[in-house]
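Notes follow once the structure below has been shown.
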Amino acid sequence: MGQKIRDAYYIPGMENGKRVDSRILEERIQRAVEQGYRKIEVEAYGQHGIGGRLWKAGNEEVLIYITGAPGQRVGSMGFPNTKIEILGNSSDDVGWLNAGAEIVVHGHASNGIANAMAQGKIYIAGNIGARGMTMTKFNPRFSHPELWVLGSVGDYFAEFMAGGIAVICGYNPQNPENVLGYRPCVGMVGGKIFVRGKHGPFSEKDAKRVQISEEEWEWLTNNLKVFLQRINREELFEELSRYEDWDLIVSKTPYEKRAQGLKSMSEFYEKIWCKELGKGGLIGDLVDYDRSPIPIITTGELRRYIPVWENKKYAAPCESACPAGIPVQERWALIRDGRLDEAVDIALVFTPFPTTVCGYLCPNLCMQNCTKLKYNMSPVDVTLLGKASTEANPPKIPEITGKKVAVIGGGPGGISAAWQLRLMGHDVVVFDREEKLGGKIQKYIPKSRIPEDVLNKDLERIRKVISHVQLKQDIDKDKFKELVAEYDFVILAIGAQRPRLLPVEGKEMLISALDFLGKSKRDEIKPGDRVVVIGAGNVGCDVATEAHRLGAKEITLIDIQEPASFGKERQEAEKIGAKFMWPVFTKKITKDGVITDSGELIPADTVVISIGDVPELEFLGEDIEIEKGFVKVNEYYQTSNPKVFAIGDVVKLGLITDAIGAGRIAATAIDEISKGLEVTIPKRPEIDKQRMNPFFFNPRLVRYQDVSECASECMSCGRCRDCGICITLCPQAAISRVSLANGEFELVVDGDRCIGCGFCADVCPCGIWNLVPNDPVC
Amino acid sequence: MFSNGPITPSQLSLKDLPWLIYWDKEKCQLCGRCVAACPVRAIELGTFRKRIVETPINNKKAHSNVYKVFYGIKQKADPAHACIGCGLCSKVCPNDAIIPYHNEEVDKLRFHINLGGQPRRRGGRRNDPGTLLDRIKFIRISMLTDPALDAGRHEFELRTLLGRVLPPEENLRLYKEEGWTPPVREIYPLVIGGMSFGALSPNMWEGLVMGVTYLNEELGMPVRMCTGEGGCPPRLLRSRFLKYIILQIASGYFGWDEIIHAIPEMKEDPCAIEIKYGQGAKPGDGGLLMWYKVNKLIAAIRGVPPRVNLPSPPTHQTKYSIEESVAKMIQSMYMAWGFRVPVYPKISGTSTALAVLNNLTRNPYAAALSIDGEDGGTGAAYNVSMDHMGHPIASNVRDCYLNLVKLGKQNEIPIFGAGGIGKRGNLAANAAALIMLGASGVQVGKYIMQAAAGCVGSESDRCNICNIGQCPKGITSQDPRIYRRLDPEKVAERLVDVFMAFDTELKKIVAPLGRSTSLPIGMSDALGIDDYHAAERLKIKYVV
């Protein structure tokens, strides 16, 4: 073929018909440069990397002309002093890792042109193949690398392009429909692409089209002239320099890439979602309530739980346990309010024996059920209040407007019923066969347990209310019939007077407990040194205590089972040294004492039988139903004869307070029946003891000094103490106290402030606040 | 309150509970937010009494006892209010003064959770944090052996087929004869598994469908979601979005009369019909939507009166043999849409899966087989079913696929795998492993709840109270006071995030395998595991 370029140092790629190896050719080019040649012609036969790395010329310009068919990577790692002209077409990767060389290809070039180029310029007079201008860089120490293509570029142009300027002139392109090829600019992060002519889409994720600025246009046109001059096509300048034909594509900034131009979800919701489904979206047709987002902590209607102030909704455990239904916690509240008189008087609404029973005789079920016991604290001592009640003022006695009622039996039950009925305005007459009112309290209970003056005080008050009392009245069959006929209602309150005996040998030597107690109370009996009591219940204990008072030294209570006695009676008996024995079965009674079934003798001067008493019911007509020796009644003590009620021991053996409570219920029932009402026995449910908060009370308090200490240490279960702790503790300041017209008050919650945390319910000493689920929304 | 009284065997102390509350008196400002937020009311305001005793030795009279009350947050010990560890208290605390932590020893509560003879029921997942899928590695990395692909640069067509694919000659014959060919859908291989409207809250469900629609219409990803058994909102049935939905029919048939009534008004066919025979979380057991979750809305969608219990029996009532059950159901469901909609059964993972599959291969209508493995989740189930019943998904899918290979039908009936995919957060890796074991696609539920809605449930038995309507995030509640915590649009956004990220991760896995235009279904030469027996069982490479 031979040399084509004048003055050039000629290096052939073929020698003696044999292709020169790329390594040898490279050595020869480098040696020529070293020897001072600055214009070299290489006639190429596919050799690799021609024209790169010519640093040995220093700053002097080296011109390389390539004729023939160069191999891949012409001008790779080219230096700024190097100018390469390929006179025909070129293979792949022209200017690979170009670091400054200017390379002109006068024909077409194939794939990978300018790949990884960082500086220098590549001018292509034709088209190029795939993956041109990929992974190109811009190093701020140098100027931008440039790729100029007269025609078009192949697919995947400018992938991961990170800098430099590419200019695609679109002149006589391979595909006139798309001069930029398929999927250009994927992963492009830097640089500019000027493009002229029709092109398809590019990766909009990575790049964007922008307006060509004046400055850029000036750069483009100035350099276009240079490009055209280099490829000898200056005549095209005019055709190629129409502003409107050019587009500029630049990489997006990282910030722009982040905002990917996707529709926001709220825009999608409005424009796509609701447009297709209708207003309110997926279920807008099915629900009419708001479904918009809310926070976790909510107020008002959106609270999951709401506090309810349940003042006085439940009975305190003390009240609930009291058969007479005395609202003990309310009495302490009155004392806290400085209203001791009212606290005393209020008892009379429930019992005519506020001192005798509450202060002395009652085992005080209220105290046994006190919430404080649950926490090993001393129960509030109601006996102090009972003892303080001697001067209680009876309620105002109304005019008689109601029915005539006969009460047979002037014991605690009968008196209670009569008391209640009279205070309801009924005309009551009490019949009793004894000389004094008071029943068993009067007749049998030892003075040691109830001082006479205390009982008399209560009875005096009672007589003021119940004026019609007929004493020493034995009621027989005829008299009873007469009473039932004469009166609107009759209340049987005769108690159980007939002792139960044992069918054993020597039973005639026994003395019944009631007989013993009656006589002992009048000091009419001398029991001797040794007393045996058969039956170790509370009455038996009273017998023992009285026997001791009367001089007995050795007192034994025997029982067939573990004794049922409890409370003060038992304590007193134990205190005087009475001996309890069980199980002991009595075989016979002799003058020496009791012989047990094991044959043992328990010596006794007096043997008292105390295994219970039964009512005497012979005088009742056949229309009063009897069951196992007691009168049968319904839940409000009405017998099978609707006019006749029965209460107390005649119905079932029980405590004095049981009889008092029964009297009140029977009286209420009679009152309601006489008014034509349905009988109701109102009873509030007992409060759950878990609701009270014990931690405000002194756990080391053993004995209450006085009623005011009782009042201040009462937990006031179920009844607001008005302590204000909830108001102070509420984190939202949602609770306020509102005074009501009648001197009462209530605590109200501002729902718009409350978050439903339940602090109020958790802290309340009295268990008033209750946190309940809010009403369902749907 | 402290206990003072006889104790019963089931009275526990805090030490016996699985989750304990750490509370910092110094940091707490007693704002009440934690107590208000707690889903199970496990905490309350505590009134604490502090006793200060002064006892100077030299002056007896000066001895004193002073009680001071202070307040704080107290955890309840009774089982009904046992802390579930959800952490909502911590989430709402302005001062970071409270946080639940796991009891270090095996709790005692588990021995008393059957009071009244009722065994424990709960929602959530199997309490087993491990998963074999996470141990499978992708060991075939083509760099120079195959054209290596670039996940970021190359174009991928990550699609799978749902429907019966006929062999080419059969297809050509039918084409020429203008015969019926089974409908086949080209869908995204990650399908949102059946979670019913009712099990999920309205806001959650709407968020999911919205996200799915967005993925389809804005991003061109053909993602599909299965309704679960609870019907489908009437508006969705009558919208073009129905094509993104797989309608599920299960043993309770809830909502199906409403679906039937909507057929004449449908603009589009649904993507497919899934017949549910079993569920991975509670194999062989049915479901029960409790009456208190059945409000007016749920009732309307399911076509029942409000406030009634809705039981789904463990089995379909009128099916007596595998041939009959499958054939009868598939035929009926095809008929409903004029044989245009693919119909496939879903079973729980079981050692009898092959029998079902073999039956399906003989049924020309069967469009796929979906298998739900033991790690599937649920809104409510017996703990024993959840923790101890079911079959692991990997070997189940693998056996089925290899059986199809034996029959030469591996390209004809797609197998979908579900249950525990992404259990430990590795959604794409688990999905790819299952696909390379032979699944054509996977169905996910729990991962979506965790990622798209912030479900806090875990395999350490955290939260898992989907069944009581008190979901702290509002995902499984029907109470607007709770589910309005969830913004459907945000759920949709997160769902889109999940699928976009999954897509990239899946590409990162399949690109080095040289796959870009078809999923590497059954490409098990790319899989390895460091367990010899597992490798043998799954017929993949044992690598150490």
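No value in this document is a laboratory result; all are computed from the given coordinates. These numbers come from a predicted model, not from an experiment. Glycine gets a Cβ as well: all are built from the backbone with ideal geometry, and neighbour counts include every protein chain shown.
For the protein assembly as shown, just list the percent of Cα-Cα distances falling in each 10 Å bin from zero outward, please.
1, 7, 11, 12, 11, 11, 10, 9, 8, 6, 4, 3, 3, 2, 1, 0, 0
For the stretch A:390-470, which trypsin sites (Lys or Arg not before Pro) are both in a DSSP coil and crowded by at most 12 other Cβ atoms within 10 Å?
The qualifying sites are A:396.
Among A:234-241, A:245-252, what's the highest-first ranking by average C-beta atoms within 10 angstrom per residue?
Sorting A:234-241, A:245-252 by mean packing, highest first, produces A:245-252, A:234-241.
For the stretch B:227-362, with only Lys/Arg (+1) and Asp/Glu (-1) charged at the beta-carbon, what is the dipole magnitude about the Cα centre, in debye rounded to 20?
Here the size comes out at about 340 debye.
Once the mean 1/r over all distinct Cα pairs of the stretch A:500-612 is inverted, what Kirkwood radius in angstroms do you read off?
13.4 Å
Only helices at least 24 Å long along their own axis, judged from Cα atoms, and with Kyte-Doolittle mean hydropathy of -1.0 or greater: name those in chain B from DSSP H.
B:488-510
Suppose we keep just the DSSP beta bridges with both residues in the protein assembly as shown; what percent of those would be antiparallel, to 5?
40 percent
Fewest Cβ neighbours within 10 Å first, please rank B:335, A:509 accordingly.
Ordered by Cβ neighbours within 10 Å, fewest first: B:335, A:509.
Let me check against my output: what whole-number percent is the relative contact order of the stretch B:227-305, with C-alpha pairs under 8 Å and at least 6 apart?
This gives 37 percent for the stretch B:227-305.
Averaged across orientations, what area in nm² does the convex hull of the alpha carbons in chain A project?
Result: a mean projected hull area of 66.0 nm².
Could you calculate the contour length gain from residue A:622 to residue A:242, that is, 0.36 nm times the residue separation minus the distance between their Cα atoms, to one decimal place in nm?
123.6 nm
Which order results if A:150, B:166 are arranged by neighbouring Cβ count within 10 Å, fewest first?
B:166, A:150
Can you give the mean number of other chain Cβ atoms that lie within 10 Å of the Cβ atoms in peptide A:695-701?
Neighbouring Cβ atoms belonging to other protein chains average 4 per residue here.
Relative contact order of chain B, please, whole-number percent, based on alpha carbon pairs below 8 angstrom and at least 6 residues apart.
Contact order relative to length: 19 percent.
Mind checking the full-extension length gain between residue A:225 and residue A:775? Use 0.36 nm per residue of separation minus the Cα-Cα distance, one decimal, nm.
189.7 nm
Once you order the gyration tensor axes a ≥ b ≥ c over the Cα atoms, which shape class does the stretch A:122-175 get: rounded for a/c under 1.5, otherwise prolate or oblate by comparing a/b with b/c?
Note, shape of the stretch A:122-175 comes out oblate.
Unpartnered cysteines of chain B (Cβ-Cβ under 4.7 Å counts as a partner)?
B:28, B:31, B:38, B:83, B:93, B:226, B:232, B:271, B:400, B:455, B:466, B:471
Can you figure out the FRET efficiency of residue A:680 with residue A:507, using R₀ = 30 Å and their beta-carbon distance, to the nearest 0.05?
Efficiency computed from Cβ-Cβ geometry: 0.05.
For the stretch B:14-107, please report how many Lys pairs fall under 26 Å Cα to Cα, leaving out neighbours fewer than 8 apart on the same chain.
Eligible lysine pairs with Cα atoms under 26 Å apart amount to 25.
Cα centroids of the stretch A:609-644 and the stretch B:55-74: how far apart, whole angstrom?
The stretch A:609-644 and the stretch B:55-74 have Cα centres spaced 60 Å from each other.
Amide H neighbours of residue B:464 under 5 Å, counting only residues 5+ apart in sequence or on other chains, H built in-plane at 1.01 Å?
Close amide H contacts, sequence-distant or interchain: B:457, B:458.
Hull surface divided by four, with the convex hull built on the Cα atoms of the stretch B:14-107: how many nm²?
7.9 nm²
Taking the stretch B:8-45, which trypsin sites (Lys or Arg not before Pro) meet the DSSP loop condition and have no more than 12 other C-beta atoms within 10 Å?
Answer in residue order: B:25, B:27.
Please report, in debye to the nearest 20, how large the charge dipole of the protein assembly as shown is about its Cα centre when each Lys and Arg carries +1 at its beta carbon and each Asp and Glu carries -1 there.
Around 1580 debye, computed over the protein assembly as shown.
Calculate the FRET efficiency for residue A:204 and residue A:271 from the Cβ-Cβ distance with a Förster distance of 22 Å, rounded to the nearest 0.05.
After rounding, the FRET efficiency stands at 0.60.
Suppose R0 equals 45 Å. What FRET efficiency, 1/(1 + (r/R0)^6) with r the Cβ-Cβ distance, do residue A:290 and residue B:53 give to the nearest 0.05?
Efficiency computed from Cβ-Cβ geometry: 0.20.
I want to check the label-to-label distance for residue B:508 and residue B:110. Put each point 7 Å from Cα in the C-beta direction and report it in nm to one decimal.
It is 3.5 nm.
Please figure out what share of the DSSP beta bridges in chain B is antiparallel and state it in percent, rounded to the nearest 5.
In chain B, DSSP labels about 50 percent of beta bridges as antiparallel.
Roughly what would the spin-label model give for residue A:488 and residue A:741, points 7 Å off Cα along C-beta, in nm?
For residue A:488 paired with residue A:741, the spin-label model returns 3.3 nm.
Roughly how many whole Å is it from the C-alpha centroid of the stretch B:375-424 to that of the stretch B:281-336?
21 Å
Which cross-chain or sequence-distant (5 or more) residues have an amide H under 5 Å from the amide H of residue A:588, H modelled 1.01 Å from N in plane?
A:595
Taking the alpha-carbon centroid of each part, what is the distance from the stretch A:515-548 to the stretch A:177-237 in angstrom?
The stretch A:515-548 and the stretch A:177-237 have Cα centres spaced 127 Å from each other.
Taking the Cα centre of the stretch A:653-739 as the origin and placing charges on Cβ (Lys, Arg +1; Asp, Glu -1), which of A:680, A:710, A:670 is farthest toward the positive end of the dipole?
So the residue furthest toward the plus end is A:710.
Please give me, ordered by residue number, the chymotrypsin sites (Phe, Trp or Tyr not before Pro) of the stretch B:279-329 that lie in loop per DSSP and have at most 16 other Cβ atoms within 10 Å.
Of the chymotrypsin sites (Phe, Trp or Tyr not before Pro), the ones in loops of the stretch B:279-329 whose Cβ has at most 16 other Cβ atoms within 10 Å are B:320.
Taking 1 over the mean of 1/r across every pair of different Cα atoms in the stretch A:218-281, what Kirkwood radius in Å do you get?
It works out to 16.3 Å.
State to the nearest 20 debye the size of the charge dipole of the stretch A:1-81 about its Cα centre, where the only charges are +1 on K and R beta carbons and -1 on D and E beta carbons.
That gives the stretch A:1-81 a dipole magnitude of about 100 debye.
With 10 angstrom as the radius, rank B:112, A:199, B:388 by how many other C-beta atoms surround their C-beta, starting from the fewest.
By the 10 Å Cβ count, ascending, the order reads B:388, B:112, A:199.
Please give the average number of partner chain Cβ atoms lying within 10 Å of the Cβ of each residue in B:25-36, rounded to a whole number.
5
Which of the residue pairs B:346/B:409; A:464/A:521; A:252/B:508; B:137/B:490; B:243/B:296; B:108/B:346 have a Cα-Cα distance greater than 30 Å in the structure shown?
From the list (B:346/B:409; A:464/A:521; A:252/B:508; B:137/B:490; B:243/B:296; B:108/B:346), the Cα-Cα distance tops 30 Å for B:137/B:490; B:108/B:346.
Farthest toward the dipole's positive end in the stretch B:1-102, which of B:95, B:72, B:12, given Cβ charges of +1 (Lys, Arg) and -1 (Asp, Glu) about the Cα centre?
B:72
Report the label-to-label distance for residue B:70 and residue B:170 in nanometres (one decimal), using points 7 Å from each Cα along the Cα→Cβ vector.
About 7.8 nm separates the two model spin labels.
For the charge dipole of the stretch A:4-99, defined by +1 on Lys and Arg C-beta atoms and -1 on Asp and Glu C-beta atoms about the Cα centroid, which residue among A:69, A:22, A:9 has the Cα displaced farthest towards the positive pole?
With unit charges placed on the Cβ atoms, the residue in question is A:9.
Which angle between 0 and 90 degrees, to the nearest 10, do you get for helix A:656-674 versus the longest principal axis of chain A when only C-alpha atoms count?
The helix A:656-674 is inclined about 80 degrees to chain A.
Would you mind getting the Kirkwood hydrodynamic radius of the stretch B:199-354 from its Cα pairs, rounded to one decimal in Å?
16.4 Å
Within the stretch A:492-509, name every residue whose backbone N is under 15 Å away from a label modeled 7 Å from Cα of residue A:526 along the Cβ vector.
none
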